[in-house]
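Notes follow once the structure below has been shown.
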Amino acid sequence: MGDGMEAADSVRGGVTPAVAVVDGAGTVIGWTQAAEELTGYPAADILGRPIGSLLPPDGHDRDGERSGAHLPRTGLMEVRRRDGEVVIVRAEAVPLTLGDDVGSRQESWLVSAIPAAIDLSTGTGALLESLISSFPVAMAIWDKDLRCVWFNEAAEQLSDGYPYYRIGRSLTEVIAGIDTEAVQDAMREVLADSRPTIDREARWFHGSQERALSISLLPLEGADGRPLGVCSVALDFSNSKARDHLDLLREASVRLGSTLDVMKTAQELAELAIPVVADYVTVDLPEAMLPGTEPLQRRAATSSPVFRLAGAASVHEGAPESLWERKETVFVPPRSPFTEVLHSRRPHFEPVLDTSPGAWLDLDPDRARIIHATGMHSLIVIPLQARDDVLGVATFARTSNPAPFTRDDLLLAEELVTRAALSLDNARQYTIVNHNLELLEAAVQRERRFTSDASHDLRTPITGARLRLEEALMDPDAVDWPRMAKDLLNDVERQQAIAEDILILARLDADRPAQRQRTDLAELVRAELQRRTPGRVPIRTDLAPGVFVSGDRLLLSRLLTNLLNNAQRHAATGVTVVVRAEDDTAVLMVLDDGAGIAPDHRELIFERFARLPESRARDPKGTGLGLAISREIAHAHQGTLTVEDPGQGTCLVLRMSRLA
């Protein structure tokens, strides 16, 4: 092998081709010193021998001629040196006529040859060599024995980690820590069928760093069509943006949807996109996506959509770009990219974020302050869509990365969001089903308690009446029959009240559509007060005019009656009824100045048959269903009924959507 490299170095230094003269029969009749250096054969040993003897032992041309009759060709071919080594050369053969007389002229060939590796860097190959050397692609040529016979500068840069890029080194040599069996098999397959292998991924470690390469193997054929070797082309994409994108999508397919939890899936999307896509990512979801959460509030004097921050991630510690913590409400102005995306269902792509006066940020000064403080300069907002539903929005922003978003970044973000939306929708469906099952189970338990309490409350007066009647019949003359009749009438009235309340609850539970009409709350209060008989404490009013709602007037009257009864039962000196408007909400409040309700009992009082000890003491005839019915009526009108703290006493507040 050493002699061959010396010959190559000799030719490289002087750029002197090996030259031979071959007659028409293929016999060598001329031989130069350079030919001797290339092949190892002196002139005395080669003159008079067929040129075909310099070919490998299995050499045949495509016509099946014997090697002794082989005629010169132009192109790549293999030459067997005297020491048995095979060298790939580029040969050129031109016809040559010897002799002056017509009768003595002989058709011969002048053959020149230069090793293929040297030909790339000399003479007419200089331009090609300069181009190939500047490629950011590692290229090498391997002979049929899988030995490296040439490589470019890009391959040389990889040789520390991949030592097979060495002239004369074979892939069959064993080097600790490097497995070349797969590459050997692939090269032998290319040599066997002359078909290239394109974009084959290979990975190897250089120290502690993993390298990822895209390998293509191209067959090299000689002038006679026989395979001479393989050209390998290796692209190192270990640090390429394309590879980062592919790795990100691969990770997304594994991580997104790994849990059927809406909040976790939203957070996974935000964390995945950092920092490959953006420096800051948020996922905002509406309340409907998060069953069981408290109702969201709207910003005053707007009808902007309201979200919760379900996921957030930043390249900066503590996410200084965020105005809110996860699960907190997120407000956006009506004229902003976020509302635009929700309505159009198309992404908002703003490579250079417009922070100039007059832009949408004027309507959101808090967000504008954060954007200026963090240097946010590029923005993408994408709708989360699945099953024709818009589930929320995902926002991508850049702060530290000075490059603006490109269309490729938008496509990658859209692909991530599409995958996340499907996972979010699955998580939503799962969460809704689970939430509904929990509600169903709670309803079943509630109905069981209700049935038990109702049967108890209905049986108690019947049992008491029966016992009193049986005792009276045992000694009729000793009974005060008028008083007995009055007690029985009280029991019957209580039974009737319980039965009526149970019927109302049954109607509300059946979710029967209410007979709704436009109702003025102030007028409703005045009508109810006119019907009521004066109670033990006065009722004062503060009624704003023109507060209209859409509701079942009979049910709303029953709700008001229950609240007034409750307030008069517990008031010390008086009751106050207030009607007012709060933006697009109608508010009805009933306040008393009694002892009030302890915070831990403010939900208990709305349970069916729930009666606090002081309530039983003040009104033994009560059913414990009044406030439960009132809340059900509020819910049937998509409203709320809650206890608020007035400072003294109790304040029950009904809130409903206000009609214009």
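Quick notes on this one:
- LEU146 on the phi > 0 side of the Ramachandran plot and either touching a Gly at 6+ places or on another chain (Cβ under 6 Å) or in contact (Cβ under 8 Å) with a residue 12 or more places away in the chain (or both): yes
- For ASP491, the stated conditions hold: it is closer than 21 Å to GLY626 by Cβ and either charged (D, E, K, R) or modelled with pLDDT of 80 or more (or both).
- The lone exception for PHE237 - which of (1) within 30 Å of LEU158 (Cα to Cα); (2) at pLDDT below 90; (3) out of contact with any Lys or Arg (no Cβ under 6 Å at 6 or more places or on another chain); (4) surrounded by fewer than 17 Cβ atoms within 10 Å (Cβ to Cβ) it fails: (3)
- The residues of region 333-370 that are touching an Asp or Glu at 6+ places or on another chain (Cβ under 7 Å) and assigned to a loop (DSSP other than H, G, I, E, B), listed by number, are PRO333, SER336, PRO347.
- Scan of region 530-556 for residues that are polar (S, T, N, Q) and more than 23 Å from ILE629 (Cα to Cα), ordered by number: THR541
- Selection within region 545-590 - over 12 Å from VAL653 (Cβ atoms), charged (D, E, K, R) and free of Cβ contacts under 8 Å to residues at least 40 places away in the same chain: ARG553
- Criterion (surrounded by fewer than 20 Cβ atoms within 10 Å (Cβ to Cβ), modelled with pLDDT of 75 or more and of a type in the set (D, E, K, R)) met by exactly one of ARG62, ARG105, ARG90, ARG81: ARG81
- Subset of region 2-24 that is at pLDDT 85 or above and small (Gly, Ala, Ser) - its residue that is nearest to ARG81 (Cα to Cα): ALA18
- Selection of region 547-563 for residues being touching a helix residue (DSSP H, G or I) at 6+ places or on another chain (Cβ under 7 Å) and either modelled with pLDDT of 90 or more or under 22 Å from GLY594 (Cα atoms) (or both) yields VAL547, VAL549, LEU556, LEU559, LEU560, THR561, ASN562, LEU563.
- Complete set of residues in region 166-183 that are free of Cβ contacts under 8 Å to residues at least 60 places away in the same chain, surrounded by 15 or more Cβ atoms within 10 Å (Cβ to Cβ) and not charged (D, E, K, R): SER170, LEU171, ILE178, THR180, VAL183
- Residues satisfying the criterion are present in region 138-145 (criterion: at pLDDT 85 or above and acidic (Asp, Glu)).
- Subset of region 634-654 (residues that are touching a strand residue (DSSP E or B) at 6+ places or on another chain (Cβ under 7 Å) and surrounded by 18 or more Cβ atoms within 10 Å (Cβ to Cβ)): ALA634, HIS637, GLY639, LEU641, VAL643, GLY649, THR650, CYS651, LEU652, VAL653, LEU654
- Sub-7 Å Cβ pairs linking a first residue in region 398-409 that is in the same structural domain as ALA312 (by TED's automatic domain parsing) to a second residue that is in a loop (DSSP other than H, G, I, E, B) and loosely packed, with under 14 Cβ neighbours inside 10 Å, at least 6 apart or interchain, are THR399/GLY375; PRO404/VAL352, ordered by first then second residue.
- Test result for SER253, of a type outside the set (D, E, K, R), farther than 26 Å from GLU325 by Cβ and at pLDDT 85 or above: no
- Condition met for ALA154 (over 25 Å from PRO56 (Cα atoms) and assigned to a helix (DSSP H, G or I)): yes
- Within region 381-426, the set of residues being within 13 Å of the chain's Cα centre (by Cα), in a helix (DSSP H, G or I) and crowded, with 19+ Cβ neighbours inside 10 Å comprises LEU412, ALA413, LEU416, VAL417, ALA420, ALA421, SER423, LEU424, ASP425.
- Taking the criterion of being surrounded by fewer than 18 Cβ atoms within 10 Å (Cβ to Cβ) and part of a loop (DSSP other than H, G, I, E, B), the residues of region 513-536 that qualify are PRO513, GLN515, ARG532, THR533, PRO534, GLY535, ARG536.
The values are calculated or read from the model by the stated rules, or taken from the named source; none is laboratory data. Note that the coordinates shown come from a computational prediction; the quantities given were computed from them, not determined experimentally. FYI the Cβ positions are ideal-geometry reconstructions off the backbone, even for glycines, and counts take in every protein chain you see.
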